[in-house]
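The values are calculated or read from the model by the stated rules, or taken from the named source; none is laboratory data. If you're wondering where the values come from, they're calculated on a predicted model, not measured in any experiment. Cβ placement follows ideal geometry from the backbone for every residue including glycine, while neighbour counts extend to all protein chains displayed.
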Number of protein chains: 2
Amino acid sequence: MPPRNALYAQSGGVTSVVNASACGVIEAARQHPDQIGHLYAGRYGIMGALREDMIDTGQESVEAIAALRYTPAGAFGSCRYRLKGLEENRLEYERLIEVFAAHDIGYFFYNGGGDSQDTALKVSQLGEHMGYPITCLGIPKTVDNDLAGTDCCPGFGSAAKYVAVSTREAGLDVRSMAESSTKLFVLEVMGRHAGWIAAAAGLAAQEPGDPPHVILLPEVPFDRDAFLATVKNSVERFGYCVVVVSEGLRDEQGRFISDAGSQDAFGHTQLGGVGPVIARMCTDALGYKHHCAVADYLQRAARHIASKTDVDQAYAVGRAAVEMALAGRNAVMPTIVRMADHPYQWDIGEVPLSEVANVERKMPASYIRQDGFGITEAGRRYLQPLIQGEDYPPYRDGLPEYVTLKNVSVPKRLGTPFDI
Amino acid sequence: MPPRNALYAQSGGVTSVVNASACGVIEAARQHPDQIGHLYAGRYGIMGALREDMIDTGQESVEAIAALRYTPAGAFGSCRYRLKGLEENRLEYERLIEVFAAHDIGYFFYNGGGDSQDTALKVSQLGEHMGYPITCLGIPKTVDNDLAGTDCCPGFGSAAKYVAVSTREAGLDVRSMAESSTKLFVLEVMGRHAGWIAAAAGLAAQEPGDPPHVILLPEVPFDRDAFLATVKNSVERFGYCVVVVSEGLRDEQGRFISDAGSQDAFGHTQLGGVGPVIARMCTDALGYKHHCAVADYLQRAARHIASKTDVDQAYAVGRAAVEMALAGRNAVMPTIVRMADHPYQWDIGEVPLSEVANVERKMPASYIRQDGFGITEAGRRYLQPLIQGEDYPPYRDGLPEYVTLKNVSVPKRLGTPFDI
């Protein structure tokens, strides 16, 4: 009997290192042609599976696959699409089985965050509930660092490094100008419910008085008066103030401080706008001239300043998922296990998908400073290793030379359309 | 007679390489102790001179000065402060002469943009009009690349590289997600009157269809209908659209598209906000989900992704200013002269300050595509060499190790206050 095929798919918001995980998956799979036949990738994640729109990674050269390690975003396309429960939408699962069976998919690797691990879990249940044998592994990925069961999430370290580096650099800028111009700089960063990315900005500070002077976290209800007093104090003591604010900042009633209100496919409110709101608030109340940057996608796409630790871990969890699958593990996700803070040591562990799906890990209170506007030494100890090391992509003509794959389609065997 | 002293000052918005110019000035001056006694720096630019608040750069180690080459922002502080005309405010000039005389300042090096070169010119006129002998050199600096008389401006190449790299990276992100999520990404960049920085984003594209799909320049009056049609066409053809917009985008009547309205110390309208305005406009008209990043200070502070060409040129104009001054040149500014496009070759030239002061260089029309939404091959040929090469700072614990100088004050000899 020939070996069964595998399907790899990327899901949710992409990161600067999710392709490093893809690289790990593909390189590991290629080492086991006796156990894994073709390795396909879903075009736009699970949507590609439902539509029978798959990519044959076997058509890509060794060099192209190696280049995934330093190419940001999702090389096969990602999606924001979540499978409903088996009871709610049996049709989707029947379709998945139909596609999997048609292409003899025996392994499914789903690379995503908490919502995506929920999808991976549901797919793994196909085996039990619908009599289709499949080995299903999750691969962690999210800049939000909010996955349960793992010490950190691939994608986060690089976003954290981007934000810490940017905070240090912009802080020097504002310090230079504050005497006669801008006194307040606000940097808005991602983080819907957990303030991990904003917290990482705290690493930029080395000495007391160094920026960021205020970090606004979703974990801490926004206290306008205390915030303004802290900004004022910073300007009076240091001449300027750098604020890093998480998009998910909320007031005492749990309402977002930002004024945007549209929703994404998961029903989450699409945020943005809290940075300008906060900056204007300071100028109105205190009169300081402000500037405001909104990092948005730049923070999760900035492969040029990726953390080497993060790249290594992203690659490692990709490899590990394949090795675990071949070792007979199912419905689990490889994790990062911290062995030591300093010097930092880590290893690969695993967690059942059932413990990851839909669980959102918040920052421990012990990482948040008493006043709510910064991180503690414990927080710094946790965060610091994750941004360690540089891993520069190759450049040509002054720009990073990222790979675009051929993405050759796997011939359809069903050919029946499926509306999503 | 002992050699006379020199004063160096940084002015206007800082850049990621203005300290490389400072490094060039200081290292060159240190090689000529027979001709330049002490090299002082104005604390916060010309304000430091007026306030008799100067820094003794002689107190800094060789290593600290060398580290300026890779440290962004203004190590001595910069300012937004412009000397009025001699007739309008004779007091300021009398004060400058008083301070210069008290400290035997014979050389003045002013590192800034067009407004600052105007100040440098006025200071140089002190010699003629008020009988104080001083050698005055401008040193070019501006991310806006709008200085006359030079092929390019130190500071611009690195901002251009940041924007081109960020556009390429964010473009990959949007392409990954567009099928089921964000279809439009808008990046707002600096450029009050000249679209150089936005134009540089065009370098990110290699193949037809690559992002950016639309560049909105201040040189081209905003045509809403043509813009929306181009966005729609891009989404329909490529699945997504990346727009890079200059903060100075204006309508047919010359009104800024952004909605902000405060003014800076030079009376320029302080911009910001055009990115979100443009993004919302597309969503309202076309229904696409959008994301928007505002690079703001990050683009001019991002020393971590500086252009090596730019760093080399910034350093070179600093050195050249000192060498020109010692060769008896006065009231001039060293410039970058382009010798060849490919392979790129450049040399140092000079231009009289009178030809630089208050002149704003716009982008040649030949660099702007017929439809107004992109750059031509000529534009690409001009821009490409300026982002060439990487020049990474050293890192410690995952962060660039930038230097903070001791900035020891020169003892005051006058001690009289001066209100600015």
task = Answer yes or no as to whether B:Thr135 is touching a residue at least 60 places away in the same chain (Cβ under 8 Å), within 30 Å of B:His193 (Cβ to Cβ) and of a type in the set (Val, Ile, Thr).
result = no
remark   = Checked A:Ala357, A:Ala302 against criteria (within 22 Å of A:Leu7 (Cβ to Cβ) and surrounded by 18 or more Cβ atoms within 10 Å (Cβ to Cβ)); the one match is A:Ala357
task = Only residues that are over 8 Å from the mean Cα position of the chain (by Cα) and at pLDDT 95 or above: list them for the range A:137-146, please.
result = A:Leu137, A:Gly138, A:Ile139, A:Pro140
ask   = Given (1) out of contact with any Lys or Arg (no Cβ under 8 Å at 6 or more places or on another chain); (2) more than 14 Å from B:Gly42 (Cβ to Cβ), where does B:Val143 come up short, assuming only one miss?
value = (1)
query = Looking only at the range A:399-416, which residues are within 27 Å of the chain's Cα centre (by Cα) and either hydrophobic (A, V, I, L, M, F, W, C) or at the interface with chain B (Cβ under 9 Å from one of its Cβ atoms) (or both)?
reply = A:Leu399, A:Pro400, A:Tyr402, A:Val403, A:Thr404, A:Leu405, A:Val408
Search result, residues across the range A:196-216 that are closer than 17 Å to A:Arg381 by Cβ and at pLDDT 95 or above = A:Trp196, A:Ala199, A:Ala200, A:Ala201, A:Gly202, A:Leu203, A:Ala204, A:Ala205, A:Ile215
key: In the range B:378-398, the residues that are part of a helix (DSSP H, G or I) and within 14 Å of chain A (Cβ to nearest Cβ)   = B:Arg380, B:Arg381, B:Tyr382, B:Leu383, B:Gln384, B:Pro385, B:Leu386, B:Ile387
request  = State the number of residues belonging to the range A:193-239 that are assigned to a loop (DSSP other than H, G, I, E, B) and closer than 23 Å to A:Tyr288 by Cα.
outcome  = 11
query = Restricting attention to the range B:280-296, which residues are of a type in the set (A, V, I, L, M) and more than 7 Å from chain A (Cβ to nearest Cβ)?
reply = B:Met281, B:Ala285, B:Leu286
ask   = Which one is farthest from A:Tyr315 (Cα to Cα) among residues in the range A:27-44 that are of a type outside the set (Ser, Thr, Tyr), within 20 Å of the chain's Cα centre (by Cα) and buried (at least 24 other Cβ atoms within 10 Å of the Cβ)?
value = A:Gly42
query = Tell me, which strands (runs of 3 or more DSSP E) lie completely within the range B:285-376 with 2 or more residues that are outside the structural domain of B:Gly239 (by TED's automatic domain parsing), of a type in the set (A, V, I, L, M, F, W, C) and at pLDDT 95 or above?
reply = B:332-341, B:344-352
ask   = Of these, A:Ala229, A:Ala204, A:Ala200, which one is within 18 Å of the chain's Cα centre (by Cα) and at negative phi?
value = A:Ala200
message = Kindly evaluate A:Arg168 against the criterion of being in contact with a Leu (Cβ under 7 Å, 6 or more places away or on another chain) and assigned to a helix (DSSP H, G or I).
response = yes
request  = Would you please name the residue that is nearest to the other protein chains (Cβ to nearest Cβ), looking only at residues in the range A:172-192 that are in a loop (DSSP other than H, G, I, E, B) and within 23 Å of the chain's Cα centre (by Cα)?
outcome  = A:Met190
message = Please verify whether B:Ser166 is within 11 Å of chain A (Cβ to nearest Cβ), in contact (Cβ under 8 Å) with a residue 24 or more places away in the chain, farther than 27 Å from B:Ala6 by Cβ and surrounded by fewer than 24 Cβ atoms within 10 Å (Cβ to Cβ), treating the condition exactly as stated.
response = no
ask   = Within the range A:50-72, which residues are among the aliphatic types (A, V, I, L, M) and free of Cβ contacts under 8 Å to residues at least 24 places away in the same chain?
value = A:Val62
inquiry  = Can you pull out every residue in the range B:87-133 that is β-branched (Val, Ile, Thr) and surrounded by fewer than 23 Cβ atoms within 10 Å (Cβ to Cβ)?
reply    = B:Ile97
ask   = Looking at the range A:253-267, is at least one residue within 21 Å of the chain's Cα centre (by Cα), modelled with pLDDT of 95 or more and not assigned by TED's automatic domain parsing to the domain that holds A:His32?
value = no
request  = Search the range B:1-40 for residues being of a type in the set (S, T, N, Q) and either part of a helix (DSSP H, G or I) or free of Cβ contacts under 8 Å to residues at least 40 places away in the same chain (or both), and hand back the single one that is farthest from B:Leu96 (Cα to Cα).
outcome  = B:Gln31
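Residues are listed down the side, and each one gets a yes or a no for (1) of a type in the set (Asp, Glu); (2) more than 22 Å from A:Tyr297 (Cα to Cα):
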residue	(1), (2)
A:Ala6	no, yes
A:Ile26	no, yes
A:His38	no, yes
A:Arg43	no, no
A:Met47	no, yes
A:Asp53	yes, yes
A:Ala64	no, yes
A:Ala75	no, no
A:Cys79	no, no
inquiry  = Against the condition within 14 Å of chain B (Cβ to nearest Cβ) and either buried (at least 17 other Cβ atoms within 10 Å of the Cβ) or not aromatic (Phe, Trp, Tyr) (or both), how does A:Asp371 come out, does it pass?
reply    = no
remark   = Those residues of the range A:186-227 which are free of Cβ contacts under 8 Å to residues at least 60 places away in the same chain and either surrounded by fewer than 16 Cβ atoms within 10 Å (Cβ to Cβ) or under 19 Å from A:Arg300 (Cβ atoms) (or both) amount to A:Gly191, A:Ala198, A:Ala201, A:Ala204, A:Gln206, A:Glu207, A:Pro208, A:Gly209, A:Pro218, A:Pro221, A:Arg224, A:Asp225
